[in-house]
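The values are calculated or read from the model by the stated rules, or taken from the named source; none is laboratory data. What you see is a predicted model; the values in this text were computed from it and never measured. FYI the Cβ positions are ideal-geometry reconstructions off the backbone, even for glycines, and counts take in every protein chain you see. With ligands, DNA and RNA removed, areas are computed over all heavy atoms of the protein, side chains included. Shrake-Rupley method; radii C 1.70, N 1.55, O 1.52, S 1.80 Å.
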Amino acid sequence: MALSSFDIDAPRWDQSTFMGRLKYFFSVTDCRTALLPDSRLDEAKALVESCRAGSIPPGTTEEQLYFAKKLYDSAFHPDTGDRMNLIGRMSFQVPGGMAITGAMLQFYKTVPAVVFWQWVNQSFNALVNYTNRNAASPITPKQIGIAYATATSTALATAVGLNLYTKKAPPLVARWVPFAAVAAANCVNIPMMRQQEILNGIAVTDENGNKLGHSTKAAVKGITQVVVSRITMAAPGMIILPIIMQRLERYKFMQVRRSPAPLSIAVSKLEPELRDSIVSQCGDSVQYVYFNKGL
């Protein structure tokens, strides 16, 4: 195919198939793109816009165009074309969400810890939801504030309430409290942050992208699917991991430290000076030492 006729907005993979859509979302959520400087992202945007205008720089390869589109889709808002803030990008969801989820699962036993990490999580979610909103439906600072306060309050009330309620419940039930709070908050956070879409509708187009009008039903359907997908994405880590940790904590090696993630290393593999010191103190009774690798 001649690059002069290259359609950079045409799907690289067949969007009518599951694998096609999966490849696309893997591409735009690639967390490695979050490490690139703004200057590199701006270069990608300029190349995409040049291609759309039918002016592809000489020597540009098809793979370079695809990579530029990948960077563009991962960092720039599809409605406004503005560069999105780093934390709100979907490419930041894996490292950012993973760190916060780990903290919520680790610090769930005390009310102050629950309150703090649920607040951090909902602040993160609010920024993500705002960043990825349908920009064709503007939202005022007041509406943003109400949405943020409502979602955060819902998460805190759910987490603290369930945390107190499950004090006498099996330990595993208590470990699922963070997921319940996240699910409840998502049901509030996303619709509230995108309320203008529900009130005024979102643009609908034909298969060629021609705008046909606005639909509130389409907005409700889209937002509902987003809520379900966000909860589904959180489920594996926040439901399955507590079960695994519950089982692992029955073993002695998990009870050596209060941290649920200790690592051990054989004394024989330590530095000679430390190894000799341990042997002189304990003889052969200590074969392994344990340490906290951190979160």
- Task: Using Cα positions and a limit of under 12 Å, work out the aspartates and glutamates in reach of K217, with same-chain residues fewer than 8 apart set aside.
- Result: E197
- Rounded to the nearest 500 deg cm²/dmol, what is the calculated helix-only ellipticity per residue at 222 nm for the chain, with -39500 (n - 2.57) per DSSP H run of length n ≥ 4? -18000 deg cm²/dmol
- Item | Between 0 and 90°, nearest 10: helix 38-52 axis offset from the chain longest Cα axis | 30
- Query: Helix 93-106: angle to the longest alpha-carbon principal axis of the chain, degrees 0 to 90, nearest 10?
  - Reply: 30
- For the pair Q225 and I243, how long in nm is the line joining their label points, each one 7 Å along Cα→Cβ? 2.8
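Of R52, R194, R32, which has the most accessible area and how do the rest follow, probe 1.4 Å?
Largest to smallest exposure gives the sequence R32, R52, R194.
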- Message: Which residues among the stretch 74-94 fall inside the zone where the amide N is under 18 Å from a point 7 Å beyond the Cα of A53, along Cα→Cβ?
- Response: 81-83
- Query: Using the Cα gyration tensor of the chain, with a ≥ b ≥ c the square roots of its eigenvalues, what is the shape: rounded (a/c below 1.5), prolate (a/b larger than b/c) or oblate (neither)?
  - Reply: oblate
- Report, to the nearest 10°, how far helix 111-131 tilts away from the longest principal axis of the Cα atoms in the chain, using its own Cα long axis and a range of 0 to 90°. 20
- Query: Treating the beta-carbon of each Lys and Arg as +1 and of each Asp and Glu as -1, no other charges, what is the dipole magnitude of the chain about its Cα centre, to the nearest 20 debye?
  - Reply: 1300
- Please work out how much accessible surface K211 shows to a 1.4 Å probe, ignoring ligands, DNA and RNA, in Å² rounded to 10. 130
- Using the heavy atoms of the protein chains and a 1.4 angstrom probe, tell me the accessible area per residue for the chain in square angstrom. 59
- Query: Residue by residue through the stretch 220-236, which ³J(HN,Hα) values in whole Hz follow from phi under the Karplus form 6.51 cos²θ - 1.76 cosθ + 1.60 (θ = phi - 60°), with glycine and proline marked x?
  - Reply: 4, 5, x, 5, 4, 5, 5, 4, 4, 5, 5, 5, 5, 5, 7, 4, x
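When the accessible area of the chain is computed with all protein chains present and a 1.4 Å probe, what percentage of it is carbon and sulfur?
Here carbon and sulfur together make up 61 percent of the probe-accessible area.
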- Task: Between N121, N132, N85, find the one with the highest GNM mean-square fluctuation for the chain; connect C-alpha pairs within less than 10 Å.
- Result: N85
- Task: On a C-alpha basis, how far is the centre of the stretch 22-61 from the centre of the stretch 73-101 in Å? Whole number, if you could?
- Result: 15
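Can you tell me the FRET efficiency between A149 and T17 if r is taken as the Cβ-Cβ distance and R0 is 51 Å, rounded to the nearest 0.05? Mind showing how you got there, number by number?
On the way: r = 41 Å, r/R0 = 0.81.
E between A149 and T17, to the nearest 0.05, is 0.80.
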- Note on the structure: For the table K23/K69; K23/K70; K45/K211, the rows whose alpha-carbon distance is greater than 19 Å are K45/K211
